[in-house]
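These notes concern the structure reproduced below.
The values are calculated or read from the model by the stated rules, or taken from the named source; none is laboratory data. What you are looking at is a predicted structure, and each value in this text was computed from that prediction instead of being measured. Heads up, the Cβs are rebuilt from the backbone with ideal geometry, glycines too, and the neighbour counts pull from every protein chain shown.
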Amino acid sequence: MPMRLLFPCPRCGRTGGRRGRPRRRPVKVFADRAYDHDKYRALVKAKGIRPVIARRGVPHGSGLGEYRYVVEQAIALLHWFRRLRIRWEIRDDIHEAFLTIGCAIICWRRLKIHALC
């Protein structure tokens with residue numbers, strides 16, 4: 001069982017949203033056709049998370065790509081920074097610092113393009 005499907009974000013904290021006790025789990029998990037198996041669906045559903053998994057054998061166009069594209073685009077943008085493409089640092093905190101700087105540069109460039117900055 002891929003652990004990424006059960007725990008999509010192991011370090012994720014509370015998710016924002018409604019009033020009351022804060023959620024610690026996401027509402028939905030998006031996955032591609034590789035995870036289309038009843039066993040995976042049942043495991044995710046047992047955790048109280050709604051699985052949104054593309055079905056095998058069904059033509060494309062389920063709309064799942066709209067959400068996945070954002071994540072894949074962000075990872076592709078981070079790979080433009082050579083230091084993040086291949087991890088050279090041994091310590092996690094240094095790598096996380098470079099990752100934070102890379103995300104800040106990407107956000108700044110996007111804001112600059114849309115004339116918000």
Tell me the helices (runs of 4 or more DSSP H) entirely within the range 1-100 that contain at least 3 residues that are modelled with pLDDT under 80.
3-6, 65-78, 82-85
When residues of the range 67-117 are filtered for being hydroxyl-bearing (Ser, Thr, Tyr), without any contact (Cβ under 8 Å) to a residue 24 or more places away in the chain and under 24 Å from Asp32 (Cβ atoms), how many remain?
1
